[in-house]
Amino acid sequence: MNAYSFIKGLHSGFRYVVFILLVLAIIQALVGWLGKKPYTDVNRRVNLFTLISAHTQLLIGIILFFVSPLVQFNSNTMKDPVSRYFTVEHWVMMVIAIALITIGYSKSKKLVMPESKHQTVFIFYTIAIFIIIGAILAGHLPILG
Ligand code: HEM
């Protein structure tokens, strides 16, 4: 196994960590928000680990960007759906999603009311998960088509 396939496998597998933590964080934020529950240390930790996992995935993604043969900068890049996806679309969508997770976490940290903390995490993390799912599905469209 070379460095490329190792990083690729790591990045591809790590999506499940990000995804599972995001789902957990979203569920606990919704339950906390609607149930008017306190913002516990467990809540804070799950939200923080979700943020850390997203940033870890960002770092792995940046490394992958420089070693992947699917990332190409030539006249063919925008014409080929697979290279356009990995050179432009994938990382732009993922960076937006990671930025939303980061903003949501830091906004909620500054808020005082537990209800507002839960609500903020819920809104930002939910938009982020939809963008991530959309980005992964979009990546499979050229292959399916
Ligand atoms: C939450 C963030 C991210 C998730 C969940 C994610 C997920 C994935 C997944 C599942 C794949 C495999 C292909 C697919 O099924 O679509 C992939 C490939 C790839 N990702 Fe990400 N990604 C994220 C962020 C990033 C970022 C920020 C970058 C670049 C800065 C990046 C660069 C790449 C590259 C270059 C590939 C192609 C690998 C190859 O050569 O096959 N990713 N990503």
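The values are calculated or read from the model by the stated rules, or taken from the named source; none is laboratory data. The shown structure was predicted, so the numbers you read here are calculated from the model rather than taken from an experiment. Here the Cβ is made from the backbone with ideal geometry for all residues, glycine too, and neighbour counts use every protein chain on show. For the accessible areas, the whole protein counts, side chains as well, though only heavy atoms, and no ligand, DNA or RNA atoms are used. Shrake-Rupley method; radii C 1.70, N 1.55, O 1.52, S 1.80 Å.
Enumerate the pairs (first residue in region 5-26 and within 10 Å of Ile129 (Cβ to Cβ); second residue anywhere and near the ligand (Cβ under 9 Å from one of its atoms) and of a type outside the set (Gly, Ala, Ser)) with beta-carbon separation below 7 Å, excluding pairs fewer than 6 apart on the same chain, so at least 6 apart or on different chains. Note: pairs meeting the criteria are Val18/Gln57. Among the residues making up region 124-145, those that are open to solvent by 70 Å² or more (accessible area, probe 1.4 Å) and assigned to a helix (DSSP H, G or I) are Ile127, Phe130, Leu137, His140, Leu141, Ile143, Leu144. Any residue in region 102-120 that is within 12 Å of the ligand (Cβ to nearest atom) and closer than 27 Å to Val42 by Cβ? So far as region 102-120 goes, yes, one or more of its residues are within 12 Å of the ligand (Cβ to nearest atom) and closer than 27 Å to Val42 by Cβ. In region 112-141, the residues that are under 25 Å from Gly13 (Cα atoms) and modelled with pLDDT of 95 or more form Cβ pairs under 7 Å with partners that are open to solvent by 30 Å² or more (accessible area, probe 1.4 Å) and β-branched (Val, Ile, Thr), at six or more places apart or across chains, as follows: Phe124/Ile103; Ile131/Ile96.
When the residues of region 32-53 are filtered to those that are touching a residue at least 60 places away in the same chain (Cβ under 8 Å) and not charged (D, E, K, R), the one that is farthest from the ligand (Cβ to nearest atom) is Pro38.
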